[in-house]
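The values are calculated or read from the model by the stated rules, or taken from the named source; none is laboratory data. Keep in mind that what you see is a predicted model, and the values were worked out from it rather than measured. Cβ atoms come from the backbone with ideal geometry, glycine included; neighbour counts cover every protein chain shown. In case anyone asks, the SASA skips ligands and DNA or RNA and just uses the protein heavy atoms, side chains included. Shrake-Rupley method; radii C 1.70, N 1.55, O 1.52, S 1.80 Å.
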Amino acid sequence: MKALLSISAGLVVLAAPMATQAQIATPAASPKSTITQRVGLTDITLTYSRPSVKGRMVFGDSTSKAIVPYAKRWRTGANQTTTVKFSDDVTVEGKKVPAGEYGLYTVPGKASWKMVLSKNTKQGANVDGFKAEDDVATFMVKPYKTAAKVETFTMNFTDLTPATANVDLQWEMTGVKFKVAADVEPKVMAQIAEKVTQNASPTPNDLAAAAVYYYDNDKDLKQALAWMQKANEKEPKFWNVHTEAKIRMKMKDYKGALTAAEQSRTLAQTAKNMDYVKMNDDIIATAKKNGAK
């Protein structure tokens, strides 16, 4: 800031510039948290503020001193509206939800909770001013008792599979969770079509990835085996040869599984990867029990 010039009684005085004072920063009572989880090929991001119990009753009926009364809409946290963002279309508890960011509102109850995904992400504490037409999906879930007291409101992702996850909310002694399913199959199959089945020269990595997907999802095992064998032709990797052994085991080709597992074991020993040595030993033992020599 420029110094100010003051003229008084023939004297010229330079006034000192006014200092700009920053506001004092203090810790938030309910700190903000953001957590992202990839489910399938979809990113899910939760943004919420985390209040603490601090000796209070958290959930209860309207006649109690609960800070979150039953049967009333709650912003699912403190401060701003809790939001959940999906990078792709998903299914939430059986309801189709387009990609986008939504406010996550809840109506707690002793026996069940109503969960609401709303287009309104700015409602905050004004939970009585909602508009039903903003609701994208509503569904009911049952609460459960947590194993231990959760002092600070916590949201997390649990029970992960290649295509699903549960969003788990816990506070005090109460938890609720809801299931999110990503639309994985069409995306993966489109990539396999583009990079493998419709490609005259697919890479070994793409061939192996397609084979693994077919194996993991109980698709055409003969096709999976053909892709993995082609991936292993020029430069076999111990992890890919091991997958070939697993595919053959699933097809009950115990002799072929034994041969592949022994090859993978040798490659893994050279690479000093003892985890794969052991996994191949398990396949070898099972194949021999089924008559392979």
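Tabulated results
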| quantity | calculated |
| --- | --- |
| Subset of region 34-51 that is open to solvent by less than 30 Å² (accessible area, probe 1.4 Å) and touching a Leu at 6+ places or on another chain (Cβ under 9 Å) - its residue that is nearest to Ile67 (Cα to Cα) | Tyr48 |
| Condition check for Lys187: over 28 Å from Ser112 (Cα atoms), modelled with pLDDT under 95, open to solvent by 40 Å² or more (accessible area, probe 1.4 Å) and assigned to a helix (DSSP H, G or I) | yes |
| Options Lys131, Lys149, Lys195; residue that is charged (D, E, K, R) and touching a helix residue (DSSP H, G or I) at 6+ places or on another chain (Cβ under 8 Å) | Lys195 |
| Selection count where residues are of a type outside the set (D, E, K, R), assigned to a loop (DSSP other than H, G, I, E, B) and either over 16 Å from Thr82 (Cα atoms) or touching a Pro at 6+ places or on another chain (Cβ under 7 Å) (or both), scope region 110-166 | 7 |
| Hits in region 130-153 - residues which are surrounded by 15 or more Cβ atoms within 10 Å (Cβ to Cβ) and among the aromatic types (Phe, Trp, Tyr) | Phe130, Phe139, Phe153 |
| Residue within region 12-32 that is at pLDDT 95 or above and either exposed (fewer than 15 other Cβ atoms within 10 Å of the Cβ) or within 15 Å of Thr121 (Cβ to Cβ) (or both) present | no |
| Region 55-82: number of residues that are open to solvent by 20 Å² or more (accessible area, probe 1.4 Å), closer than 14 Å to Lys114 by Cα and assigned to a loop (DSSP other than H, G, I, E, B) | 5 |
| Test result for Lys187, charged (D, E, K, R), over 30 Å from Arg50 (Cβ atoms) and under 22 Å from the mean Cα position of the chain (by Cα) | yes |
| Single condition Glu172 does not satisfy, out of (1) open to solvent by less than 60 Å² (accessible area, probe 1.4 Å); (2) touching an Asp or Glu at 6+ places or on another chain (Cβ under 9 Å); (3) without any contact (Cβ under 8 Å) to a residue 60 or more places away in the chain; (4) charged (D, E, K, R) | (3) |
